[in-house]
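Taken together, the values in this text are just the output of simple stated rules run on the coordinates, not laboratory data. Bear in mind that the values here come from a model prediction, so they are computed numbers and not experimental data. Because the Cβ atoms are built from the backbone with ideal geometry, glycine has one as well, and the counts that use them run over all protein chains shown.
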Amino acid sequence: MRNLIIAALMLFPAFLNAQEFTSEVEKAVKDAIPGTSVDSVEPSELPGIYMVTAGSNVFYFHLEKRLLIFGEIMTTTGTNYTKPNREKAMRSTLSRATDSSLTIQYGEPLNVVYEFTNPECGACLGYEERLKQQPYENTVRHIFFLSWSPTAKQKLEHIMCSEDKERAKELVYSGADIKEFASCEYGRNLVEKQAMTARNLGVDRTPTFFVNGTKVVGGNMGKIHSLLKEKSHVENSESD
């Protein structure tokens, strides 16, 4: 027991130093890039250089030299250490943001599609029409609405303030004559959170999709459906 207590006392200062170190890196990054929200700081594969995750962004920091390093760490044989960490950060950013999205589920949740759309975007409206011809199966849609104009923002707030959000979305995207748009602080906050998620992911075009972790820009239904897992394939892989 005495040895355990001594070991714990020896580890406690190290923990404090680690906390202080992380805070120091966060401060240095925020000083260099104002407004950056740092999610994690971890040692990288290179001594003295630390990996910083901020939203879906992954970059590196040399504490001693006070250097910010952007790019990818790769071995001479082609192994990319940065890519899986960036994909992990992207998935984490998306999963944390689902509470602000409009979520629609079709059958079993074998696939997850995150959509960034705009009711005044022609390609977005075209995607919705094609979706009627090629509906999703066994898929969860998390829909994030972006606005580039005051009228679009009004429509998005109406959707997120409506009791039946899915029906409100259908009416807005079909061009229905809505006599009075709903307005509420709750809906405005959700729309702002959705916009923040888009910024964190670097989404600046609509429609943009993340289909089972793969980014697709534009309403390419062929590409989107090619990334979806079919129930029979999942069942076969589980039985192997």
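Between Leu67 and Lys215, the modelled labels are 2.6 nm apart [label points 7 Å from Cα along Cα→Cβ].
Given that just one value was derived from the coordinates, which of (1) 21; (2) 34; (3) 17 is percent of Cα pairs over 34 Å apart? The value computed from this structure is option (2).
Look at Arg199, Arg130 and count the other Cβ atoms within 10 Å of each Cβ; fewest to most, that gives Arg199, Arg130.
Pairs Lys83/Lys223; Lys155/Lys193; Lys83/Lys153; Lys132/Lys165; Lys88/Lys215: which exceed 23 Å Cα-Cα?
Cα-Cα > 23 Å for Lys83/Lys153; rest within.
Which angle from 0 to 90°, rounded to the nearest 10, does the C-alpha axis of helix 150-161 make with the longest principal axis of the chain? Tilt of helix 150-161: around 80 degrees.
Counting only alpha carbon atoms, the long axis of helix 185-201 and the longest principal axis of the chain meet at about 60°.
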